[in-house]
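The values are calculated or read from the model by the stated rules, or taken from the named source; none is laboratory data. From a predicted model like this one, the values you see are computed outputs, not experimental measurements. Heads up, the Cβs are rebuilt from the backbone with ideal geometry, glycines too, and the neighbour counts pull from every protein chain shown. Areas reflect the complete protein model, heavy atoms only, side chains present, ligands, DNA and RNA absent. Shrake-Rupley method; radii C 1.70, N 1.55, O 1.52, S 1.80 Å.
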Amino acid sequence: MKLFSSRADRRRGIAAAVGVAVLAVGLYVLVSRYAGFITDTQALRTWLDQFGIFAPIVFIGLQALQVIVAPIPGQVVALVAGYLFGPLAGTVYSLTGVLIGSAVAFSLSKRFGRSFVERVIHEDVIERFDDFVDTVGVPGLFAFVIIPGLPDDAICFLSGLTKWSLPTFMAVIAVGRLPAYVLTVYAGGELASGRFLSAMALVALVVAASAVGYYKQDAVRDLVERFEPRLPF
């Protein structure tokens, strides 16, 4: 990866970081004070109802924001999507929001460079996955994002520092994130229908996979790096 070392690039990176920080603080205050119900499905449904036909657009915006700035796991919002909109529409809205948020994160990094990424991503994540994102190919990135619990939002920012094109990156994210979101949204739909046993079974499956992904991040990274060069494509 090429470092942005000129004075002008550093100024732009600092300005972008300040802007994102101000946006994050403002969003946090807004959510904490007025929309702390984001994980309360019934309260969120009541709140979204006031937007009428624009409710899906508002929800897509919330899902996109959780990728960029909000400290809320995407699967939590996806569960709410299934509860509010049903399995099909909930999957479409969730994935659309995730793709928008991922594209914004990727594009911000592509535009403002490393100095920006270093201000919005934890140093430990950068140290562990910087070289991985820079060298991995399409199969490797797909294998990484398909496993829930890994820092896929951070990977969106780091990917913007590579030679990856936005369309290729988006295609990998769309396919890779789909399985976990389909399961989670479907669980939300089951919960809304009163089928608590099946809903909890699906949630337990996603949580278990997320826990494995979270606690085995380095092992997954090393496994992908070891086996991807052996693939015939």
Task: Scope region 128-176; condition open to solvent by 30 Å² or more (accessible area, probe 1.4 Å), over 29 Å from Leu202 (Cβ atoms), modelled with pLDDT of 80 or more and assigned to a helix (DSSP H, G or I); matching residues - done: Leu166, Pro167, Thr168
- [ ] Can you work out which of the residues in region 195-233 that are farther than 25 Å from Glu127 by Cα and outside any helix (DSSP H, G or I) is modelled with the lowest pLDDT?
- [x] Phe233
Task: Among residues of region 183-202, those that are within 18 Å of the chain's Cα centre (by Cα), open to solvent by less than 60 Å² (accessible area, probe 1.4 Å) and hydrophobic (A, V, I, L, M, F, W, C), counted - done: 1
